[in-house]
Amino acid sequence: MQTGSSYRAVAASLSFRILRILLLSVLGTAAILGGRYGYELRMERLEADYGGGGQRAFSRPGRNAPYIQSVDAVVAKMIQIGTIKPDDVVYDLGCGDGRLVIAAAVKYGCRGIGFDIEESRVAEARENVTRAGVEHLVEIRQQDIFTVDLKDADVVLMYLLPWMNRKLIPQFEAMQPGSRIVSHDFGLGDIVDLPSDKTEQVVVEEDDSIHLIHMWKTPLKIR
Ligand SMILES: C[S@@+](CC[C@H](N)C(=O)[O-])C[C@H]1O[C@@H](n2cnc3c(N)ncnc32)[C@H](O)[C@@H]1O
């Protein structure tokens, strides 16, 4: 027979377990909601700062991607999710200061080409290539990304805008089967339904912001 004190002990232990489950559920839900909110809020801020006003101005065609750098944690995830091998050729579309293609060359010893339309970005990227000692691996070209032939690229890295990603789809279709396309923040356009093969979230500690990194393998599964 159970005594009054052992009933109390069982009840206390049960209450403790229930409380723990409740607490973990609340924390889990808050983390998930916090992540979504964090990403949405960041998109709203980007829209306000760079989108030219209006709802989802980012998605509207015609406006080139402004220069916003991918931070180190995002760069690391982009080159990791692209499963880059030393014999791969990596193209960086809208390379800015060249950080993505340079990081890939330094880490994996692969070759790469960075493309940017802005003369000052190209000059800066070339300096960074030299500073990183990867001139034998990385070339920087001043070129509009919509004129780049992607058939020799094993991995494409980009941080552009949704309409630009969408417009690039015919160029992606020229890539060899098994190639990878990696995009910071944005999907492959908002008209065609093109779910990624993998999407990972990066939380940037400096400002607690949430970034999404998407990866698609070619051939793209366009229905
Ligand atoms: C958001 S920044 C990304 C920079 C870098 N890839 C990074 O992740 O840190 C976009 C870059 O794309 C370049 N860009 C925009 N439109 C372009 C175009 N049509 N052709 C080539 N580069 C372009 C901009 O000059 C800018 O450097």
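Using the number of other C-beta atoms within 10 angstrom as an exposure proxy, rank Lys77, Lys167 with the fewest first.
Least crowded to most crowded, the residues run Lys167, Lys77.
So for segment 67-217, taking the charge dipole from beta-carbon charges (+1 Lys/Arg, -1 Asp/Glu), which of Trp163, Pro195, Gln69 sits furthest toward the positive end?
Pro195
What is the count of Lys pairs in segment 53-169 whose alpha carbons sit under 19 Å apart, if the two are 8 or more places apart or on different chains?
The result is 5.
Starting from 0.36 nm per residue, how many nanometres of slack lie between His136 and Ile68 once their C-alpha separation is accounted for?
Here the answer is 21.8 nm.
Would segment 109-223 count as rounded, prolate or oblate if I go by the C-alpha gyration tensor, calling it rounded below 1.5 in a/c and otherwise prolate when a/b exceeds b/c, oblate otherwise?
In terms of gyration-tensor shape, oblate.
Just to be sure I understand the model, the point goes 7 Å from the Cα along the line to the Cβ. What's the resulting Asp144 to Glu119 distance in nm?
Each label point is offset 7 Å from its Cα along the Cβ direction, giving 1.8 nm.
Taking other Cβ within 10 Å of each residue's Cβ, how do Ile140, Ile222 sort, fewest first?
Ile222, Ile140
Only counting other Cβ atoms within 10 Å, I'd like Thr147, Thr83 sorted with the fewest neighbours first.
Least crowded to most crowded, the residues run Thr147, Thr83.
Could you derive backbone 3J(HN,Hα) for segment 68-76 from the dihedral phi with the Karplus parameters 6.51, -1.76 and 1.60 (θ = phi - 60°), listing whole Hz in sequence and x where the residue is Gly or Pro?
10, 7, 7, 7, 3, 5, 6, 4, 4
Read-outs throughout are calculated quantities, based only on the coordinates presented, and are distinct from any laboratory measurement. In this text the structure is predicted, and so the values were computed from the model without any measurement. We place every Cβ from the backbone using ideal geometry, glycine too, and count neighbours over all the protein chains shown.
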